[in-house]
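Remarks on the structure that follows.
The values are calculated or read from the model by the stated rules, or taken from the named source; none is laboratory data. Just so it is clear, the structure is predicted and the values come from calculations on it, not from any experiment. Heads up, the Cβs are rebuilt from the backbone with ideal geometry, glycines too, and the neighbour counts pull from every protein chain shown.
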Amino acid sequence: MKAMRFHEFGSSEVLRYEDVERPVPGAGQVLVRVAATSFNPVDDHIRAGALAQMLPITLPYVPGIDLAGTVAELGAGVTGLAVGDRVVAMLPLDSAGGAAEYVLVPAESLAAAPQTTELVDAAALPLTGLAAWQVAFELAELKPGQTVLVNGAGGAVGSLVVQLAVDAGAHVTAVDAPQHADRLRGYGAERVVGPLDLAAGPAAVGGPFQVVVNHVRVSPEELAQLTNYIADGGVAASSAGPIPEDPARGVRSASLWVRSDGAQLAELVAKVDAGKLQIHVAARRPVAELAAVHADAGAGRLPGKTVVLAP
Ligand SMILES: NC(=O)c1ccc[n+]([C@@H]2O[C@H](COP(=O)([O-])OP(=O)(O)OC[C@H]3O[C@@H](n4cnc5c(N)ncnc54)[C@H](OP(=O)(O)O)[C@@H]3O)[C@@H](O)[C@H]2O)c1
């Protein structure tokens, strides 16, 4: 089968489109014919070797943590799935493998794909959806009626956090560049503002807020200024660096390290099919162009969430 792999860490140029053995599912595994994977910023960090200490991987490595595809073969002991089922998964970061024709998936990572989206676009959901779910409901413990600031709201994770928070009955202030504003209003954000002027403080955007969610990679000093946006007794949740706590005001903070969870993914899929969660795909690119996708991401040229189509 065809797969995109890298044999050493480095720039996007280490990615090679190669012929590799089609894998065979072991006990508890499912072989999935890939329809698409998607690009996530962490793919860039893994390929560059920036996570090599924290996340040991075996080389050569097939990137692509997200998966949408159809079941091709079941390993021993796998029940509840049949060949031909449309599925999605967040693959384990240390083995990944979505940028290929076929990939092995632990059965517990899989969920049925949404029925209301094209299968390839469903590849935009797993990692970002799980990140959004875990930020909103595990780290921030979001409750109906709370006020929430989402920084980086127009991005892949932020867009889903805004929608989950609105669906949960929260009052959302969405922060991102103006080109995202109409879409964010469409998701139900009550206030949509441009990038924060941290010197102006929270009152300028209707804060402080009971929950502050951050998806923008900023300096430690800027993260520290975000603490001022959290109301007394409130909480911060960040996917892009820790926001300091303020124990004197009862302000706590948590950082995300997203994990695969088939059951949570099934809940996200149900929200997509119920029309409560829209998957925003900005571009579709063939996997043979993955090196260019990584290069474009590194240069800030990706137009937004990009799904990567299998051969
Ligand atoms: N730790 C984990 O487990 C985990 C999991 C998932 C994601 N992440 C991290 O979370 C971050 C977000 O991921 P993503 O996939 O959502 O990335 P993304 O799609 O690039 O989203 C980032 C968003 O932030 C916006 N932005 C940039 N600078 C801003 C500013 N100063 N103020 C307001 N908005 C600004 C961007 O706008 P433009 O499009 O206009 O540039 C974009 O909409 C990344 O750093 C990623 O590595 C971490």
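Quick look at the numbers
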| item | result |
| --- | --- |
| Qualifying residues in segment 216-264 (those that are more than 16 Å from the ligand (Cβ to nearest atom) and of a type in the set (A, V, I, L, M)) - the one nearest to ALA200 (Cα to Cα) | ILE230 |
| Members of segment 165-186 that are more than 11 Å from the ligand (Cβ to nearest atom) and buried (at least 24 other Cβ atoms within 10 Å of the Cβ) | ALA165, ALA170, VAL172, THR173 |
| Residue satisfying condition, being outside any loop (DSSP other than H, G, I, E, B) and either surrounded by fewer than 15 Cβ atoms within 10 Å (Cβ to Cβ) or assigned by TED's automatic domain parsing to the domain that holds ALA111 (or both), within set ALA236, ALA203 | ALA203 |
| Any hit, segment 190-201, residues being small (Gly, Ala, Ser) and in contact (Cβ under 8 Å) with a residue 40 or more places away in the chain | no |
| Unique residue being assigned by TED's automatic domain parsing to the domain that holds LEU110, surrounded by fewer than 15 Cβ atoms within 10 Å (Cβ to Cβ), small (Gly, Ala, Ser) and at pLDDT 95 or above when the list is ALA76, ALA68, ALA36 | ALA76 |
| Restricting segment 131-164 to residues that are farther than 20 Å from TRP257 by Cβ and outside any loop (DSSP other than H, G, I, E, B), the residue that is nearest to the ligand (Cβ to nearest atom) | SER159 |
| Single residue of ALA299, ALA266 found to be at pLDDT 95 or above and either under 22 Å from GLY152 (Cβ atoms) or not small (Gly, Ala, Ser) (or both) | ALA299 |
| Subset of segment 91-118 [in contact (Cβ under 8 Å) with a residue 40 or more places away in the chain and within 20 Å of LYS276 (Cβ to Cβ)] | ALA111, ALA112, ALA113, PRO114, GLN115, THR116, THR117 |
| Meets criteria (more than 15 Å from ARG185 (Cα to Cα) and within 10 Å of the ligand (Cβ to nearest atom)) for ALA113 | no |
| Boolean, ALA50 is modelled with pLDDT of 95 or more and either basic (Lys, Arg) or assigned to a strand (DSSP E or B) (or both) | no |
| LEU196 vs. criteria within 14 Å of the ligand (Cβ to nearest atom) and surrounded by fewer than 24 Cβ atoms within 10 Å (Cβ to Cβ) | yes |
| Any hit, segment 292-308, residues being of a type in the set (Asp, Glu), surrounded by 15 or more Cβ atoms within 10 Å (Cβ to Cβ) and closer than 30 Å to ALA204 by Cα | no |
| Residue identified as closer than 14 Å to GLY98 by Cβ and in contact (Cβ under 8 Å) with a residue 24 or more places away in the chain among ALA310, ALA282 | ALA310 |
| Condition check for GLY188: closer than 23 Å to GLY275 by Cβ and out of contact with any Gly (no Cβ under 6 Å at 6 or more places or on another chain) | yes |
| Selected residue [of a type outside the set (Asp, Glu) and in contact (Cβ under 8 Å) with a residue 60 or more places away in the chain] from VAL135, VAL162 | VAL135 |
| Matching residues, segment 79-120, being outside any strand (DSSP E or B), within 18 Å of the chain's Cα centre (by Cα) and under 23 Å from LEU15 (Cβ atoms) | LEU91, PRO92, LEU93, ASP94, SER95, ALA96, GLY97, GLY98, ALA99, VAL120 |
| Any chance ALA270 is in the same structural domain as ALA111 (by TED's automatic domain parsing) and farther than 19 Å from ASN214 by Cα | no |
| Residue among SER255, SER219, SER239 that alone is hydroxyl-bearing (Ser, Thr, Tyr) and touching a strand residue (DSSP E or B) at 6+ places or on another chain (Cβ under 6 Å) | SER255 |
| Tally, over segment 16-72, of residues that are within 16 Å of the ligand (Cβ to nearest atom), free of Cβ contacts under 8 Å to residues at least 40 places away in the same chain and of a type in the set (S, T, N, Q) | 1 |
